[in-house]
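Shown next, in structure tokens, is the structure this report addresses.
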Amino acid sequence: LRTTLGEVNGRIAIEGHTDDRPISTSEFPSNWHLSAQRALSVTQELMRDQLVNDDRLMVIGYGDTRPFEPNDTDEGRARNRRVEIVIHQGLDEETSQELRQMEGFDDDLLDTLQIDEDELRSVN
């Protein structure tokens, strides 16, 4: 997975999720903390061997706010305890360079173009 993600263009969001059962431990005071830690653990593994540039990675914890399945069964809760890897596909490097060479082109606009919500791809 690290090798594949290292070869794909764009930013990579690592999104942690939980089921809706409340948690309150010294390590994880809430589902927000737990989901963020899940995402961080995967991110740290992706950064191992430096195959994925860390400046392309975003860590996001959603807690129980984005369930994949209803939380009314054990199976549904198990599917909601997950980490998703979302690739925000941007422009290819050649197009990016051509845009940068245009007189008066704003690099901030390029950042906006790089993360187009219509081009999201999720790997579960």
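The values are calculated or read from the model by the stated rules, or taken from the named source; none is laboratory data. Please read all numbers here as calculations on a predicted model, not as lab measurements. Positions of Cβ are generated from backbone atoms using ideal geometry, with glycine treated the same way; all protein chains shown enter the neighbour counts.
MET47: surrounded by fewer than 16 Cβ atoms within 10 Å (Cβ to Cβ) and within 11 Å of the chain's Cα centre (by Cα), yes or no? No: the conditions fail for MET47.
Results for (1) small (Gly, Ala, Ser); (2) modelled with pLDDT of 85 or more; (3) touching a Leu at 6+ places or on another chain (Cβ under 6 Å), shown as yes or no for each residue.
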residue	(1), (2), (3)
LEU1	no, yes, no
PHE28	no, yes, yes
TRP32	no, yes, no
GLN44	no, yes, no
MET58	no, yes, no
TYR62	no, yes, no
ASP111	no, no, no
ASP118	no, no, no
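Among the residues making up the stretch 2-29, those that are under 19 Å from VAL42 (Cβ atoms), out of contact with any strand residue (DSSP E or B) (no Cβ under 8 Å at 6 or more places or on another chain) and either buried (at least 16 other Cβ atoms within 10 Å of the Cβ) or touching a residue at least 24 places away in the same chain (Cβ under 8 Å) (or both) are ARG2, THR3, GLY6, THR18, ASP19, ILE23, PHE28. Against the conditions (1) within 19 Å of ILE87 (Cα to Cα); (2) β-branched (Val, Ile, Thr); (3) in a loop (DSSP other than H, G, I, E, B), THR25 satisfies every one except (1).
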